[in-house]
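Just below is one structure, and these are the notes that go with it.
The values are calculated or read from the model by the stated rules, or taken from the named source; none is laboratory data. As the structure is a prediction and not an experimental result, all values here were calculated from the model. Reconstructed Cβ throughout: ideal geometry from the backbone, glycine too, with neighbour counts over all protein chains shown. Accessible surface areas use protein heavy atoms only, side chains included; no ligands, DNA or RNA. Shrake-Rupley method; radii C 1.70, N 1.55, O 1.52, S 1.80 Å.
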Amino acid sequence: MSAMLLDHLTLAIRRLKTRKVRVLLTVLGIAIGIAAVLGTVSLGEGIRMQAVETIRASSDLTLIEATPGNLDGTSYLITPSSVEHIRSVPYVTASSAILKDSYASQHQTYLPVIGADDEEISKVLDLRVETGRMYTSGSAEAVLGADLGEYLRRYEGMQIGSPFPVMVREYDDEGRPRDREIAITPVGILSPRDDRYDSALILDRELVAAEKSGQQGFDAVLIRTGDHLEVAEVAGDLRELGFSAGGAFEQIEAVNRFMDVVILIFAIFAGVSLVVGGLMIANTMMISVYEQTREIGISMALGAAEGDVMRMVLLECLLLGIMGGVAGIAASLAFSSVLNVVGRPLLLSRLGGEFSGLFGDSLSVITPPMLIAGLGIAIVLSLLSGIYPAYRAARLDPIEAMRS
Amino acid sequence: MTTLLSLEGVMRVYQNGVKALDGVSVNMERGELVSILGKSGSGKSTLLHILGGLDRPDGGMVSFEGRELNFRNRDEIIMHRRKRVGFIFQQFNLLPSMTAIENVEYPLIFRGVPRSDRHSRARVLLEQVGLSGRIEHYPKELSGGEQQRVAIARALVSDPLIVLADEPTGNLDSATSAGIVSLMREINRERGVSFFIATHDRDLAARADRICTIADGRMVA
C-alpha cells in the first residue's frame, strides 16, 4: 500500500514538473498567505510578550490579595478558619490576614492603615526596615512605608521612637466625620518598594481590631506564591473557595485576554490572503484537470478507478500545500527577523529612548507550534481546495475524456 | 473451446436519440482473433467500449466466461477493466510524459503491482514487440508503428483475457499496418490472448479467424 502511494507520489511530482511556472505561482500564493498569518500572529505574540515582561518587571506578580467574595449567591467572609483554609491551598508559601482602616494625622494627612501580625506580614511582603526596627506584637508601635515616613518626618515633625498622635476617623449616625485621637509610636521606616505599601501605616492587628469595633473576621489575606506561573492557579483555587483574588497578575490576565482578541482579529484579516491562496489552488487544479482530461480518460481505460483519479488530483494538491507551507514558514521567519533587526530600531528611534524597555529584544516572536500550525493550515487548505477539482476529474466519462 | 464472451441483443441509444447499437449479438471463443468490420459510425467503437466496461448498454446482456456483467456495479466494472481486458487505440494514447517502459508499466500501478515486478514484466513485453532498444524513449521520439507496439505491450501487461483494439492501424501506413497485424496474430497464437479488432480495413479484417460485419448498429451476416 505504501509502495503504491510512493508510486502515485512520484507520478504526481512528474505531472507537477510539466507545469513549473504555474506550480511556482500557486506555491507563492499559498506561501504569502501563510507568511501573512504567521507574521501577524508573531507580531501580536511579540507585543504580548513585551507587555507581560513590562508588567512583570515593574510589579509584584507573586502577591495575591484574597478578599471576601461571592460564589453561587453565598457570601464568603474571611474568618480565622478560612485563613487556615487559604494556607492549605497548594503553592501558597506565606500568608497574612490583615485588617484595613484609615486614620489621619493631626494635619489631616490620610493614613491607610494595615493591621497585621508582624512576622507574617514581614514574610509575605518581604518587608525591609531602612531606619529603626519592626514593631513588636501586642504594642502600639508602627512602621511606615518609605514615602509616608519621609513625608511625616519632613512636614509633621514625626520622630522615630516618639509617640505620634493619629486620628481614628469614624462617622456618626448622620454621616459626619468624628475623629478620636489615639497615640502610636513609629519605630521604623521601610525601604522603598514602588508599590502602595510605600504610603501605608502598618500596625499590630490587635490594635487595629480594637479600634475597629463591630467587624467580624478580616478584611483580606495577603498571599505569596512560589512563582508567577503558580499565581493563576492559586487565584483560581481561591475563586473556587468563594473569595475574590486580586493582584498585579490580573493585569497580565487582562493583557492576555486583550491580546487574544487582537491577534484573532489580525489573523482573520491575514486569513483573507489564505482564502485567496486556496482559490488559487482550486483554480490551478481545475485548469490542470482540464488539461489532463485526456490522460485521465486513458488512465481510466487502463484500470484507474474513480478513487485513483481523485487521489491523483489530491496528491498534487497535497504537494502544492506542502511546498506552499514550507515556503510560507521560511518567508515568515525571514519577515520576523527583518522586523527584529530593522523594524525595532526604527520604531524605537521614532518613539524615543523611554520606550526602549518596551520591545525588549524582539518585536516579533515565532514559536515552533506556530510553524507546525502554518504547515498544517497550508496542507488542509490545499486538500480542501482540491476536493472539487478531484471530484470533477473522477466523474469524467473516459470515452469523452479520451476524445478531447 | 470454451466461450469467452457473449452478447445478446445489446442496445445502446445515446441521449440525442442515435441508436449506436441496435440489438447486437455476438459470441467469441477463448483464444479467437475476431475482427469486426464496419464503416465509421457503424457502432463498432461503442461495441468495444461496452465490452471494455467504458460504456454501458441500455438493453441486452453481456456475459464473460458465462457470467453476466452487471454494469451498475462500479467495483465489478473496475475489476473487469483491470483483470480481463486490455485496450489498443487508433491514437495510440500513450502518456507523453512517460518513457516507453513507464507507459507499459502504468496500468500495473492501479493493480498494486510492486515496482520491480512491473519493470521486469514491461521489459519482457517490450522485447516481445521488438522494442528492446527503445524502452527509455519518450512517445514523441518513436514512430507511429513503434508507438502502437508500445501500446500493444501496455495492453498485454496485465495478462488480460482479451485485447480490444479500436482501429489499431487507422493512423499507420500500410506497410507498418501489416507489421502490427502480424504482431497481434503472433501474440494471439503464442499467448492465447483473444483479440477483438474493430477496423474498416478489409485486408486487415481478412487475417482474422472470423469476421463480423456491423452496419447501423446491427450485425450483418
Notebook entry, point to check: How about the range B:98-193: which GluC sites (Glu not before Pro) there lie in a loop by DSSP and see at most 15 other Cβ atoms within 10 Å?
Noted result: B:Glu136
Checklist line | the range B:41-138: C-alpha gyration tensor shape, a/c 1.5 cut-off, then a/b vs b/c | finding: prolate
Note to self: Could you work out the relative contact order of the range A:63-247? I mean the mean sequence separation of Cα pairs under 8 Å and 6+ apart, divided by the number of residues, in percent.
What the structure shows: 39 percent
Next item on the list: Order the following by accessible area, largest value first: A:Tyr110, A:Tyr135, B:Tyr138. Probe radius 1.4 Å; ligands, DNA and RNA are ignored.
Entry: A:Tyr110, B:Tyr138, A:Tyr135
Next item on the list: Using a 1.4 Å probe and ignoring any ligands, DNA or RNA, find the accessible area of A:Met49 and quote it in Å² to the nearest 10.
Entry: 90 Å²
Item checked: Label-point separation, B:Ser63 to B:Glu186 (7 Å along Cα→Cβ), nm -> 3.7 nm
Next item on the list: Show that you can apply the helix-only estimate: for chain B, add -39,500 (n - 2.57) for every DSSP H stretch of four or more residues, divide by all residues, and state [θ] at 222 nm to the nearest 500.
Entry: -10500 deg cm²/dmol
Check: Quick one: buried accessible area between A and B, total over both chains, 1.4 angstrom probe, nearest 100 Å²?
Finding: 2200 Å²
Notebook entry, point to check: Given a cut-off of under 8 Å on Cα pairs at least six residues apart, what relative contact order in percent is computed for chain B?
Noted result: 32 percent
Check: Which helices count as membrane-span-like in chain B under these terms: full DSSP H, at least 24 Å along the axis by C-alpha, Kyte-Doolittle mean of 1.0 or more?
Finding: none
Notebook entry, point to check: Considering protein heavy atoms only and a 1.4 Å probe radius, which residues within the range B:103-131 exhibit an accessible-area decrease of no less than 40 Å² in the full assembly relative to the chain by itself?
Noted result: B:Tyr106, B:Ile109, B:Phe110
Margin query: Report the rotationally averaged projected area of the range A:63-247 based on its alpha-carbon convex hull, in square nanometres.
Written below: 11.2 nm²
Check: Which one of A:Ala330, B:Phe87, A:Leu238 has its Cα pushed farthest toward the positive end of the charge dipole of the protein assembly as shown, where Lys and Arg give +1 and Asp and Glu give -1 at the Cβ?
Finding: B:Phe87
Note to self: Taking the Kirkwood radius as the inverse of the mean 1/r across Cα pairs, report the Rg/Rh of chain B.
What the structure shows: 0.96
Item checked: Percent of beta bridges antiparallel (DSSP, the protein assembly as shown, rounded to nearest 5) -> 70 percent
Notebook entry, point to check: For the range A:253-374, what does the alpha-carbon gyration tensor say about shape, rounded, prolate or oblate, given a ≥ b ≥ c as the root eigenvalues, a/c under 1.5 as rounded, and a/b over b/c as prolate?
Noted result: prolate
Check: Considering only protein heavy atoms, what per residue accessible area in square angstrom results for the protein assembly as shown with a 1.4 angstrom probe?
Finding: 47 Å²
Check: How big is chain A by Rg and Dmax over its Cα atoms, in Å?
Finding: 34.1, 110
Check: Between B:Asp159 and B:Asn16, what FRET efficiency follows from the Cβ-Cβ distance if R0 is 41 Å, with the result rounded to 0.05?
Finding: 0.60
Notebook entry, point to check: Tell me, what is the 1.4 Å probe accessible area of A:Leu333, in Å² to the nearest 10?
Noted result: 80 Å²
Next item on the list: Could you look at chain A and say what percent of its accessible area is carbon and sulfur, using a 1.4 Å probe and all protein chains?
Entry: 62 percent
Margin query: With the crude spin-label approximation of a point 7 Å out along Cα→Cβ, what separation in nm comes out for B:Ser6 versus A:Arg14?
Written below: 4.3 nm
Item checked: Contact order relative to length of chain A, as percent, for alpha carbon pairs under 8 angstrom and 6 or more apart -> 29 percent
Checklist line | Overall form of the range B:112-197 per C-alpha gyration tensor (a/c, 1.5; a/b vs b/c) | finding: oblate
Note to self: Along its three principal axes, how long is the range A:122-214 when you only count alpha carbons? Whole Å, largest extent first please.
What the structure shows: 42, 29, 25
Next item on the list: Round to the nearest 10 and report in Å² the accessible area of A:Arg178, as given by a 1.4 Å probe over the protein chains' heavy atoms.
Entry: 130 Å²
